[in-house]
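K.L.:
Please see the structure below; I have some questions.
The values are calculated or read from the model by the stated rules, or taken from the named source; none is laboratory data. Please read these numbers as outputs of a predicted model, since none were measured by experiment. With ideal geometry, Cβ positions are generated from the backbone for all residues, glycine too; neighbour counts draw on all protein chains shown.
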Amino acid sequence: AEDGSGAAAMLAVPENLDATMRLLFAACQGDVAGVEELLRDGVDVDSIDLDGRTAMHIAACEGQGEVVRLLLSWKANMNARDRWGSTPAADAKHYGHFEVYNLLRARGAKTPKQKKTPMTVSNPKEVPEYELNPLELEFRRGEEVTKGHYVARWYGSKVFVKILDKDSFSDANSINEFKHELTLLEKARHPNLVQFVGAVTQNVPMMIVSEYHQKGDLASYLETKGRLQPYKAIRFSLDIARGLNYLHECKPEPIIHGNLSTKSIVRDDEGKLKVAGFGSRSLIKVSEDNPQMDQTTSKFNSVYTAPEMYRNGTFDRSVDVFAFGLILYEMIEGTHAFHPKPPEEAAKMICLEGMRPPFKNKPKYYPDDLRELIQECWDPTPSVRPTFEEIIVRLNKISTSFTKQTRWRDTFKLPWKQASER
């Protein structure tokens, strides 16, 4: 091998790889001498790559029997699992390297039974980039938020986990909803949207993992704080509008939330709002411009439900604008629409009787054009409602105008009045 032959050149390990990757590269190439040299230099025989794969995994996958024998002599872990739950023996069997498979089995290696899911792929190379190892998720008792939704820890950070139980595997609607939500979460990336972390689709149970926000949702915040000052309501409204504008402008098709409420908006550590739950309802496409909500999985008893959705489930992007108008009203008024009536009754008043909640707050809490914007958002005719692109422009103008007015008023306030309002 010292004569500079082509074989030696082929097995040369690139110098810029770190020790673990050099070991895995040598194992893949069947370079027994290279693997042994790295092990003698102190590289851990069970060191792993980002997918949790060891040199034993790689050698078994490639059918490199001599490397497998060498690794066994160095007491490598035969039953190490990668992030998809696969062992070296399982990989050898899958790729038809039965000599390696029989060698490992003779030494006591395990081939765990794979619990198939409706999204299981036949080739490990087809596993999605977002796939997470379920063993990396730590669940604790008492951390179920709602049925099927949990808070877990992933590498020390809290995450929000939605679990699809095994009983749902036979339900086509549940599987389609899961896939639909996963597709939307993977696609949508914006500072005002809850971020997708990853998913478990190759193991049971299947899960969707997203970022967790300890400060809770807007509903609980408003319940504690009540009516918001106009500047804060406008700032929050801009956060919501920016997130929804991104969803509505997604290509090739817009993403319609369809379930927007104060409970589907969360606060991050900096107090910024993020839209969540935008893949949680199933849509049936009845035409290019007129999708329809799957009524087998939806309940239209929310005060945020647009009249057209309440009546027949057919809608467009403007249903999110309708809900936004009621959320903005709630932030300024500090109460639900038609409080204390129950949501079901309030929804009927809004959607069937055409009523809208009264503006009870003092005019000073409604900067110029804000009340008019709310009224346009909840207009019964969908085509009258503004787009979120238009809403953002108007809110920015309202914010600028309100800031100027506030500064002007503060200039003429008596000192003790200024101090009392701080």
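K.L.:
Cβ-Cβ distance below 7 Å, separation of 6 or more or different chains: which pairs start in segment 372-383 with a residue that is within 17 Å of THR314 (Cα to Cα) and in contact (Cβ under 8 Å) with a residue 60 or more places away in the chain and end on one that is in a helix (DSSP H, G or I) and among the charged types (D, E, K, R)?
P.N.:
Short answer, once both residue conditions are applied: PRO382/GLU308.
K.L.:
Take segment 239-259 and flag every residue that is touching a Lys or Arg at 6+ places or on another chain (Cβ under 6 Å), more than 20 Å from MET331 (Cβ to Cβ) and in a helix (DSSP H, G or I).
P.N.:
HIS248
K.L.:
Filter segment 1-45 down to residues that are assigned to a loop (DSSP other than H, G, I, E, B), on the phi < 0 side of the Ramachandran plot and surrounded by 16 or more Cβ atoms within 10 Å (Cβ to Cβ) and give me whichever is modelled with the lowest pLDDT.
P.N.:
Looking at residues that are assigned to a loop (DSSP other than H, G, I, E, B), on the phi < 0 side of the Ramachandran plot and surrounded by 16 or more Cβ atoms within 10 Å (Cβ to Cβ), I get VAL13.
K.L.:
Would you mind finding the one in ARG317, ARG407, ARG394 that is modelled with pLDDT of 95 or more and among the basic types (Lys, Arg)?
P.N.:
ARG394
K.L.:
Please enumerate the residues belonging to segment 88-99 that are within 15 Å of ARG53 (Cβ to Cβ) and out of contact with any His (no Cβ under 8 Å at 6 or more places or on another chain).
P.N.:
Correct list: ALA89, ALA90, ALA92, HIS94, TYR95.
K.L.:
Out of curiosity, is GLU223 outside any loop (DSSP other than H, G, I, E, B) and outside the structural domain of ARG385 (by TED's automatic domain parsing)?
P.N.:
It is false that GLU223 is outside any loop (DSSP other than H, G, I, E, B) and outside the structural domain of ARG385 (by TED's automatic domain parsing).
K.L.:
I've got another one for you. So which residues in segment 342-376 are in a loop (DSSP other than H, G, I, E, B) and either of a type in the set (Asp, Glu) or not assigned by TED's automatic domain parsing to the domain that holds VAL303 (or both), if there are any at all?
P.N.:
Within segment 342-376, GLU353, ASP368, ASP369 qualify.
K.L.:
Moving to a separate point now. Which one of LEU137, LEU132 is at pLDDT 85 or above and either more than 15 Å from the chain's Cα centre (by Cα) or surrounded by fewer than 14 Cβ atoms within 10 Å (Cβ to Cβ) (or both)?
P.N.:
The unique qualifying residue is LEU137.
K.L.:
Counting only residues that are among the aliphatic types (A, V, I, L, M) and either at pLDDT below 90 or under 16 Å from LYS158 (Cβ atoms) (or both), how many does segment 265-281 have?
P.N.:
2
K.L.:
Report, by residue number, each residue of segment 338-376 that is over 23 Å from ALA233 (Cα atoms) and exposed (fewer than 14 other Cβ atoms within 10 Å of the Cβ).
P.N.:
PRO342, GLU344, GLU345, LEU352, GLU353, GLY354, MET355
K.L.:
If I ask for residues that are buried (at least 20 other Cβ atoms within 10 Å of the Cβ) and free of Cβ contacts under 8 Å to residues at least 24 places away in the same chain, which ones from segment 203-255 would you list?
P.N.:
None; the set is empty.
K.L.:
Let me ask you something else. Tell me, which residue of segment 377-407 that is among the β-branched types (Val, Ile, Thr) and in a helix (DSSP H, G or I) is surrounded by the fewest Cβ atoms within 10 Å (Cβ to Cβ)?
P.N.:
THR400
K.L.:
Moving on. Being at pLDDT 75 or above, hydroxyl-bearing (Ser, Thr, Tyr) and outside any loop (DSSP other than H, G, I, E, B) is the requirement here; does TYR310 meet it?
P.N.:
yes
K.L.:
Taking the condition of being touching a His at 6+ places or on another chain (Cβ under 7 Å) and within 15 Å of ARG189 (Cβ to Cβ), how many residues in segment 233-254 meet it?
P.N.:
The qualifying residues number 4.
K.L.:
Select from segment 157-189 the residues that are part of a helix (DSSP H, G or I), hydroxyl-bearing (Ser, Thr, Tyr) and under 24 Å from ILE265 (Cα atoms) and list them in ascending order.
P.N.:
SER174, THR183
K.L.:
Okay, moving on. Since LEU50 meets every condition but one in (1) assigned to a loop (DSSP other than H, G, I, E, B); (2) in contact with a Phe, Trp or Tyr (Cβ under 9 Å, 6 or more places away or on another chain); (3) surrounded by fewer than 19 Cβ atoms within 10 Å (Cβ to Cβ), which condition does it not meet?
P.N.:
LEU50 satisfies all of (1) assigned to a loop (DSSP other than H, G, I, E, B); (2) in contact with a Phe, Trp or Tyr (Cβ under 9 Å, 6 or more places away or on another chain); (3) surrounded by fewer than 19 Cβ atoms within 10 Å (Cβ to Cβ) except (2).
K.L.:
Return a yes/no flag: does segment 76-97 have any residue that is more than 18 Å from ALA26 (Cβ to Cβ) and either of a type in the set (Val, Ile, Thr) or surrounded by fewer than 14 Cβ atoms within 10 Å (Cβ to Cβ) (or both).
P.N.:
yes
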